[in-house]
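Remarks on the structure that follows.
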Amino acid sequence: MPPMISVAAVTKRYKSGLVALDAVDLEIAKGEIFALLGPNGAGKTTLIGVICGTVSMTAGRILIDGHNIVRNYRAARRIVGLVPQEIALDIFSTVLNSVSYSRRLFGRAADPAYIERLLRDLSLWDKRDTRIVELSGGMKRRTMIAKALSHEPDVLFLDEPTAGVDVNLRRDMWALVRRLRAEGVTVILTTHYIEEAEEMADRVGVINHGRIVLVDEKAALMRKLGKRRLTLALQEPLPALPKELAGWPLELEDGGRRLSYRFDASAEDTGVPTLLRRLGEIGVDFNDLDTTTTTLEDIFVDLVGRAA
């Protein structure tokens with residue numbers, strides 16, 4: 001099956017010489033939730049803007065469901081919904097009028113039942129006759145999401161959709177994303193809440209300095225790059241790592257009261273038994289031990305650090 005979105009050698013270079021995107025290649029499958037992660041200024045928002053046609057590209061090619069976004073702009077844009085970071089609304093319009101107008105802009109026939117269901121899903125139905133200027137920040141964000149979904153797009157871009165919003169909106173947002181994915185909608189999101197990407201995404205892409213550092217299925221990424229951490233609660237704090245442990249990937253924490261060791265759980269030899277035996281030999285005793293799994297955030301920080 002051809003990808004829903006195909007990005008080939010896309011570059012964005014500004015007149016100042018700044019290269020915001022550097023020959024980006026990316027394919028996103030129909031019906032998947034794809035999380036695009038990266039630090040501030042990495043190129044996430046620029047890439048979304050280029051794909052959606054709100055930012056011009058310097059070079060490259062983008063297809064959305066087979067439609068070239070330059071030659072077939074209207075056909076491509078018609079199947080895309082975009083929730084940008086910045087709130088941009090006609091503040092003197094009502095919620096219902098604003099969302100209904102967005103549907104008409106995309107040439108869709110009126111469908112009051114669909115609009116009502118959409119507003120109810122986003123807890124906006126009771127506010128449908130309220131002017132946007134009178135809404136809270138969270139309700140304005142909900143209205144932006146409703147406008148992006150008003151024309152029933154096949155692809156939905158969410159650029160930091162839950163940044164600075166309340167817990168209720170975050171919960172409703174992810175419930176809606178799950179439902180959309182079940183209906184076959186392709187969802188691409190950027191987020192600073194990496195735990196959301198870890199919970200929701202099928203695949204994860206990491207971008208830094210305008211280049212794609214890595215793209216992989218979330219589960220495969222966790223298997224390949226995920227580590228486990230062994231933490232030992234020491235009986236006596238250590239002022240420094242003993243010289244007998246030189247060369248081991250160890251860190252002292254909590255003022256020398258804890259010793260942590262990272263290891264690959266899938267490796268044939270994790271090193272854990274050898275480490276514990278060595279600690280006994282040099283007289284370093286511990287009261288308790290615990291193991292934890294590396295999170296997607298740990299992997300992200302490590303990847304960005306390597307690419308810096």
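The values are calculated or read from the model by the stated rules, or taken from the named source; none is laboratory data. This one's a predicted model, so the numbers in the text were calculated from it and none came from an experiment. Positions of Cβ are backbone-derived with ideal geometry, glycine not excepted, and every protein chain shown enters the neighbour counts.
Across the range 1-57, which residue is farthest from E160 (Cα to Cα) among those that are surrounded by fewer than 22 Cβ atoms within 10 Å (Cβ to Cβ) and among the basic types (K, R)?
K15
Filter the range 281-298 down to the residues that are of a type in the set (A, V, I, L, M) and more than 29 Å from the chain's Cα centre (by Cα), then identify the one that is modelled with the lowest pLDDT.
My answer is L289.
Any residue at all in the range 222-234 that's free of Cβ contacts under 8 Å to residues at least 60 places away in the same chain and loosely packed, with under 12 Cβ neighbours inside 10 Å?
No - not one qualifying residue is present in the range 222-234.
Got a sec? Which of T54, T45 is in a helix (DSSP H, G or I), assigned by TED's automatic domain parsing to the domain that holds T186, at pLDDT below 95 and of a type in the set (S, T, N, Q)?
Sole residue among the options that is in a helix (DSSP H, G or I), assigned by TED's automatic domain parsing to the domain that holds T186, at pLDDT below 95 and of a type in the set (S, T, N, Q): T45.
Hey, any hits in the range 138-147 for a residue that's more than 26 Å from T54 (Cβ to Cβ), out of contact with any Ser or Thr (no Cβ under 7 Å at 6 or more places or on another chain) and not aliphatic (A, V, I, L, M)?
no
Name the residue, out of T191, T162, T130, that is in contact (Cβ under 8 Å) with a residue 40 or more places away in the chain and either assigned by TED's automatic domain parsing to the domain that holds I33 or crowded, with 22+ Cβ neighbours inside 10 Å (or both).
Exactly one of T191, T162, T130 is in contact (Cβ under 8 Å) with a residue 40 or more places away in the chain and either assigned by TED's automatic domain parsing to the domain that holds I33 or crowded, with 22+ Cβ neighbours inside 10 Å (or both), namely T191.
Only one of these is modelled with pLDDT under 90, assigned by TED's automatic domain parsing to the domain that holds P153 and within 23 Å of R141 (Cβ to Cβ): N40, N97. Name it.
Among N40, N97, only N40 is modelled with pLDDT under 90, assigned by TED's automatic domain parsing to the domain that holds P153 and within 23 Å of R141 (Cβ to Cβ).
Select, from R104, R61, R117, R71, the only residue that is exposed (fewer than 15 other Cβ atoms within 10 Å of the Cβ), part of a strand (DSSP E or B) and either at negative phi or not assigned by TED's automatic domain parsing to the domain that holds A201 (or both).
Testing whether each residue is exposed (fewer than 15 other Cβ atoms within 10 Å of the Cβ), part of a strand (DSSP E or B) and either at negative phi or not assigned by TED's automatic domain parsing to the domain that holds A201 (or both) leaves just R61.
Looking only at the range 22-35, count every residue that is within 21 Å of V80 (Cα to Cα) and assigned to a strand (DSSP E or B) and tell me the total.
Summing the residues that are within 21 Å of V80 (Cα to Cα) and assigned to a strand (DSSP E or B) in the range 22-35 gives 8.
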